[in-house]
Each structure stands twice: as C-alpha cells, then as structure tokens.
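Beneath this line is the structure, given in structure tokens, with notes to follow.
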C-alpha cells in the first residue's frame, strides 16, 4: 500500500520512533495577491463540479502551486505524480502528488526534496499521515543521496483547507492554523521557499 497505508500521523511517528507536536509554524505571514491568471483559472474551475481528488488537484491545487513555481522558476522545480521509492517493506514508497526540489529546470527528480503536498478529497487526517510518511521518506532519500536539508515542509489540502507541517530533528511540527484564504496560502508558500534561498 505504501504511503497510502497510513491513516493517522501517530502511526507514522510510532513506527519510525519519531515525535509529533502541534505548534504555530508561521508568524506575520505577508499575504500575496494572486495573479490575474490564477484568479481567472480558479474562477473557471468553480464552474465545473469538484467532486474528487483528481479534479481538485488539477483545477485548484495545481494552478496555485504553478503560480508559486513560476515565481521561483530560477531556483526550484515543481514535480507532480512522481514515485518516491525509499523502502517498500516499510511502506515508504509510492506516488507523491506534488513536491519541490531546489534546482531550476530539472527534467527529472534529484535530491533534496524540500516540500511535499498531499491532495485529499475529504480525509485531512489521513492526508496528514500520508504526507508525514512522504516527508520522512524524503528525509531518508535525501540522507541516502548525501543531500540533506535542515528541514522539510509538507502540506495537506482538500483544495479549500491547507494545513502545513515541518519535519526537523525527528519531529513533525504540525501547524495549529489551517489556511483557507488564498493570499495567505500564497504568502505561506513564498515564506517557505524563501527559507531555502537564504
């Protein structure tokens, strides 16, 4: 089953001898207005029914991430639907919805993976667990490749609610705040990617 096996973040933490804490991840995030393209794209998406993960991923989540990816195209590459095979026996294998790496214009995946996004239709708790497993998988993958980063960010979204996490020193820090306002969501993504530029 891979990453999709995990339904509770507690199970991920216990299985791999990790920890999890609720916290405030971001202070004073500056909102960022969407471009005319993104606003128009999301407006068009609202015309059609958003009934499953695939449609939400394609019509809402992907355009938001593409807006960020375009802004940071000189420093990052956004991937979608790539396999992250770390350890199938430990259920650390499978497809990841989206992730960024800190290299521009890469045609294929290389380490380090710095952020992951798990798109869910309704079950945000399962989404957080699967995202946490992917974050830990990315950590192990980065370590094996000799390209560690000090922290990895993850996010679970149903296209309306966006909840962020940070994995650092064996701990999943889960943001207490759930973001629903698009300028704030964009602002968080700008904040996260800027951390890797500094």
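The values are calculated or read from the model by the stated rules, or taken from the named source; none is laboratory data. These numbers come from a predicted model, not from an experiment. With ideal geometry, Cβ positions are generated from the backbone for all residues, glycine too; neighbour counts draw on all protein chains shown.
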Legend entry - Residues satisfying the stated conditions in the stretch 102-132, i.e. without any contact (Cβ under 8 Å) to a residue 24 or more places away in the chain and closer than 17 Å to residue 70 by Cα: 107
Inset, instruction - Would you mention how many residues in the stretch 93-108 are within 17 Å of residue 136 (Cβ to Cβ) and assigned to a loop (DSSP other than H, G, I, E, B)? - result: 4
Inset, instruction - Return yes or no: is residue 63 farther than 30 Å from residue 110 by Cα and touching a helix residue (DSSP H, G or I) at 6+ places or on another chain (Cβ under 8 Å)? - result: no
Inset, instruction - Could you list all residues from the stretch 109-119 that are touching a strand residue (DSSP E or B) at 6+ places or on another chain (Cβ under 7 Å) and either in a loop (DSSP other than H, G, I, E, B) or under 10 Å from residue 152 (Cβ atoms) (or both)? - result: 109, 110, 112, 113, 114, 115, 116
Legend entry - Residues located in the stretch 167-198, provided they are loosely packed, with under 13 Cβ neighbours inside 10 Å and part of a strand (DSSP E or B): 176
Inset, instruction - Within the stretch 145-166, count every residue that is farther than 19 Å from residue 182 by Cβ and either outside any helix (DSSP H, G or I) or at pLDDT 95 or above (or both). - result: 10
Inset, instruction - Determine if the stretch 120-142 includes at least one residue that is in a strand (DSSP E or B) and modelled with pLDDT of 95 or more. - result: no
Inset, instruction - Kindly establish whether residue 160 is exposed (fewer than 15 other Cβ atoms within 10 Å of the Cβ), out of contact with any helix residue (DSSP H, G or I) (no Cβ under 6 Å at 6 or more places or on another chain) and closer than 29 Å to residue 52 by Cα. - result: yes
Inset, instruction - Residue by residue through the stretch 100-111, note down the ones that are modelled with pLDDT under 95 and touching a helix residue (DSSP H, G or I) at 6+ places or on another chain (Cβ under 7 Å). - result: 111
Legend entry - Criterion violated by residue 180 - all others in (1) free of Cβ contacts under 8 Å to residues at least 60 places away in the same chain; (2) touching a helix residue (DSSP H, G or I) at 6+ places or on another chain (Cβ under 9 Å); (3) more than 19 Å from residue 113 (Cβ to Cβ) satisfied: (2)
